[in-house]
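A.B. asks: My questions will all concern the structure given below.
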Amino acid sequence: MSAADTRDLKSLGWDELVALKRKLAGELKEITDKIVEIDRNKLRAITDNIKEQRSILDVHTERLKQVRSEVEKRNAELLAVSEKISQSKNFLSMMEARLPPEKEEELQATVQNNQALLDTKDYKSEREKNEILSRLKEASMKMEAIKATRTIKDQLAQLTHESAGISSAIRRLDEERDSLRAKISEINSALDKLYDSKRKLAPERDLHLAKYDEIAKQFDAINARLDAMSEMRKRQREEYGYGLPSDALFKVKEEARKKLEAGSKLSFEELKLLYGEKD
């Protein structure tokens, strides 16, 4: 309120009090609108935004747990495959050192020729038969070594391809994990700002409420003063009829009554005002 509005209400007349009451009513409405704006709009918007951000945060956090679990699983798979690759390489290295100088086609021909000799019994003695069996067995073993080496190479290629696939999946999971961590960090930062904004609304609202209470007390005081003046006017009508004196006369007479009740000495004019005849 301005300096003029903070004057003793008893010094204001009826019209001034009514004007002041109207002004305070406007201020009360303005403050009420601000409080409603905080409660219904600002606070609700912040609360809704917090709920939305927390919901997104929960989804990202849950997904991050899943990604971590998948990474652990994939790492275990990669370790198992890596061990198989290492074993295959060691075995392949050993087998390659034992590979015969002959080509597989040559060995195949040797097997077929010697097998044909046995089938047709094209040998002259038991010793010659045993030599044929020995050549057949040796060629067959060399062929098996070549086939085993080829099989190991095929397995090693498959394991290497599998390892590459797992490693690629782990890289994608790592990228997703880093992305989720960044998003979670951003959301937490946004939530901190929202909570800070929400906290700042409380003192702002309290300030408006305190101002509202202050003005409401002044508003009630004006109503009480107007009620008192209305009652005084009613008594004046009963005493003087409808030729009512001004508000100033009401104030003087009210002060005279208060002085009398307090035991103070009254002037002749004050006694006349209190006990005089009607005009």
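A.B. asks: Rolling a 1.4 angstrom probe over the protein heavy atoms, how many square angstrom per residue are accessible across the range 3-243?
C.D. replies: Per-residue value: 67 Å².
A.B. asks: Now, a different point. If you place +1 on the Cβ of every Lys and Arg and -1 on the Cβ of every Asp and Glu, how big does the dipole about the Cα centre of the range 71-158 come out, in debye to the nearest 20?
C.D. replies: Its charge dipole is roughly 180 debye.
A.B. asks: Same structure, new question: Mind scanning Lys51/Lys211; Lys103/Lys124; Lys21/Lys211; Lys103/Lys137; Lys103/Lys153; Lys10/Lys258 and naming the pairs with a C-alpha gap bigger than 25 Å?
C.D. replies: Lys51/Lys211; Lys103/Lys124
A.B. asks: Roughly how many whole Å is it from the C-alpha centroid of the range 164-180 to that of the range 93-131?
C.D. replies: Result: 53 Å between the Cα centres.
A.B. asks: With a 1.4 Å probe and every protein chain left in place, tell me how much accessible area Met94 has, in Å² to the nearest 10.
C.D. replies: 80 Å²
A.B. asks: Considering the dipole of the range 70-175 built from charges on the beta carbon (Lys and Arg +1, Asp and Glu -1) around the Cα centre, which of Ala164, Thr120, Leu78 is farthest to its positive end?
C.D. replies: Ranked along the dipole, the leading option is Thr120.
A.B. asks: Okay, moving on. Considering only protein heavy atoms and a probe of 1.4 Å, how much of the accessible area of the range 3-243 is carbon and sulfur, as a whole percent?
C.D. replies: On the range 3-243, the fraction of accessible area on carbon and sulfur atoms equals 51 percent.
The values are calculated or read from the model by the stated rules, or taken from the named source; none is laboratory data. In this text, all values refer to a predicted model and were calculated from it rather than measured experimentally. Please note: Cβ atoms are built from the backbone with ideal geometry, for glycine as well, and neighbour counts cover all protein chains shown. SASA here: full protein model, heavy atoms, side chains in, ligands and nucleic acids out. Shrake-Rupley method; radii C 1.70, N 1.55, O 1.52, S 1.80 Å.
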